Amino acid sequence: AEYMGATRKCLQVALVPLIRPYVTVTCKEIKERAFQSHSPCYLNPYPGAPSICDLSTLDWLRVFWTIKGSFRSTTGESLKGVWDVSLGCAPEIVERLLYLVPAYRTIRLIRYVIYFVATSRRKRSIEESHDAIANTVVGDIAEQMNWKNKGVSWYGFVNSSSQTSMNLYLLLAPKSAFDLNAPADTPVADMNTTVKALAKASRDGSFTFGIGRNVNVSTFYGCVDHGCNKTYVKENVVFTYKTSAATALGSAGILIWPVIVLGVILRL
């Protein structure tokens with residue numbers, strides 16, 4: 001409770017300079033300032049207050065998935081900040097989330113390798129669209145796997161990207177176990193069953209993705225460690241393209257609206 005209160009105060013104070021009556025700002029500027037404040041506020045809300053590094057693994061999970069449950073987007077920089085901060089201050093937390101500590105084997109980390117085919121008609125850098133591609137792929141997977149109705153929480157983020165490829169990571173967890181805002185009747189998701197079904201769907205060509213035809217979702221890995229250096233399953237991905245792929249990708253550029261960020265800040 002003390003950590004949540006301190007973090008809420010820090011996030012609110014960070015935006016105060018932008019909401020003064022004599023200041024004119026755009027929605028983009030508010031969003032950028034909100035994103036910039038998340039990692040430092042999680043790490044050191046203010047002198048003497050607890051840090052996210054002081055939380056137990058269970059509390060860290062509850063903070064992460066409760067915040068994620070308040071966001072409309074399937075990916076986003078603010079939650080990536082929580083992940084990065086945790087890796088920086090206590091990487092053992094992340095290892096406990098996966099397979100190394102039996103008590104926490106309810107979390108799964110998945111990696112999809114995605115390749116890009118360069119086209120002369122594409123004028124802007126493919127790197128500008130990495131987050132949009134990730135948001136589309138993760139959203140399509142979640143919808144087609146029906147995770148919302150199966151009690152599965154999910155979060156995707158991009159790591160190790162380049163002009164020719166990127167790694168898309170998926171964190172999966174049972175919503176009933178960690179999201180403090182989950183309804184009482186939320187189904188209890190079994191993560192072993194969830195990952196097996198995801199691997200099968202990836203292998204069998206069950207997915208249809210709203211991405212451009214110069215994007216190839218290539219390989220699926222089930223990760224043992226946070227860097228996915230060790231894996232327990234690998235599948236070659238087979239999928240089809242949606243007919244409206246260009247439109248779907250083009251409209252996915254903005255992942256999280258500022259009003260949602262402000263809503264989460266006020267709810268913490």
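A few notes on this one:
- Whether the stretch 164-206 is rounded, prolate or oblate, judged on the alpha carbon gyration tensor where a/c under 1.5 counts as rounded: oblate
- Difference of contour (0.36 nm per residue) and Cα-Cα distance, Asn159 to Lys196: 11.0 nm
- Per residue accessible area in Å² of the stretch 141-203, where ligands, DNA and RNA are left out and the probe is 1.4 Å: 46
- These residues, Ser39, Ser160, go from largest to smallest accessible area, 1.4 Å probe, as Ser160, Ser39.
- Per-peptide packing, taken as the mean over residues of other Cβ atoms within 10 Å, places 41-50, 142-151, 129-138, 16-25 in the sequence 129-138, 41-50, 142-151, 16-25 from highest down.
- Residue order by solvent-accessible surface for Met4, Met166 is Met4, Met166, largest first, with ligands and nucleic acids left out and a 1.4 Å probe.
- Solvent-accessible area assigned to carbon and sulfur over the stretch 153-202 amounts to 53 percent, based on a 1.4 Å probe.
- Ligands, DNA and RNA left out, the accessible area of the stretch 1-49 computed with a 1.4 Å probe is 59% carbon and sulfur.
- Exceeding the 22 Å Cα-Cα cut-off - candidates Lys31/Lys175; Lys68/Lys150; Lys196/Lys242; Lys150/Lys230; Lys150/Lys200: Lys31/Lys175; Lys196/Lys242; Lys150/Lys230
The values are calculated or read from the model by the stated rules, or taken from the named source; none is laboratory data. Not measured: the values here are computed from a predicted model. Neighbour counts are summed over all protein chains in view; Cβ atoms, including those assigned to glycine, are modelled from backbone coordinates with ideal geometry. Quick note on the areas: whole protein, heavy atoms, side chains included, nothing else; ligands and nucleic acids left out. Shrake-Rupley method; radii C 1.70, N 1.55, O 1.52, S 1.80 Å.
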